[in-house]
Amino acid sequence: MFEPADIAGVARCLQPYRDFWASYFQEASETTKRALATASAGAVDSRAWQRRWLEAVSRSVNAWLRSPFFLRAMKQNMDALIKTKEQADNFHKEIARTFNLPTASDLVGLFERLRGVEDAILARLTAIEHRMDTMESKMRSE
């Protein structure tokens, strides 16, 4: 069950969205009223009405998306998402450490070490082959 503190926290998180939509509908309503008032003076043309309505909605949405309130809310939401992602990553690392599970960086490090060992072995084998070729050529010449 939710505790009252949890519900209050959720309400605080949702408040910017509530404010955004309330402001949006209020501004859209005012813009539509202005458009209707200016359009009522001329003849009724459905295409003109549609164009005016789309222009009004476009201006309204554009104004809202550029408003400081919306940009601040988006920044806060992005910051919260980034923080949540960081916390989830830290949680996964802690679980992996607690249960002694390898992480992606552990596997990358292991593959890098294996690659180094492989290169060293191949270098040694090449040196041994070179020595053997030298010894064989000396034995043939004797």
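Read the figures in this text as sums done on the coordinates, not as results from a lab. Remember, predicted model here, so these are calculated numbers, not experimental data. Quick reminder, even Gly has a Cβ in these numbers, built from the backbone with ideal geometry, and neighbours come from all protein chains shown.
Given in Å, the Rg to one decimal and the Dmax to the nearest whole number for the Cα atoms of the stretch 15-93 are 19.3, 68.
How far is helix 104-141 tilted off the main Cα axis of the chain, in degrees rounded to 10, range 0 to 90? Its long axis makes an angle of about 30 degrees. Nearest 10 degrees is fine. How inclined is helix 68-98 to the longest principal axis of the chain, computing both from alpha carbons? Helix 68-98 sits at roughly 30 degrees to that axis. Between 0 and 90 degrees, the angle of helix 46-65 with respect to the longest Cα principal axis of the chain falls at about 60 degrees. Cβ crowding within 10 Å, taken as a proxy for footprinting-reagent exposure, orders 17, 24 from fewest neighbours to most as 17, 24. Of the residues 37, 69, 104, the one whose Cα sits farthest toward the positive end of the charge dipole of the chain, with +1 on the Cβ of Lys and Arg and -1 on the Cβ of Asp and Glu, is 37.
Directionally averaged projected area (the chain, Cα convex hull): 21.9 nm². Alpha carbon centre of the stretch 54-75 versus the stretch 84-142: separation in Å? Taking the Cα centre of each part, the stretch 54-75 and the stretch 84-142 sit 55 Å apart. Every Cα-Cα pair of the stretch 103-142 was included, and the share exceeding 16 Å stands at 56 percent.
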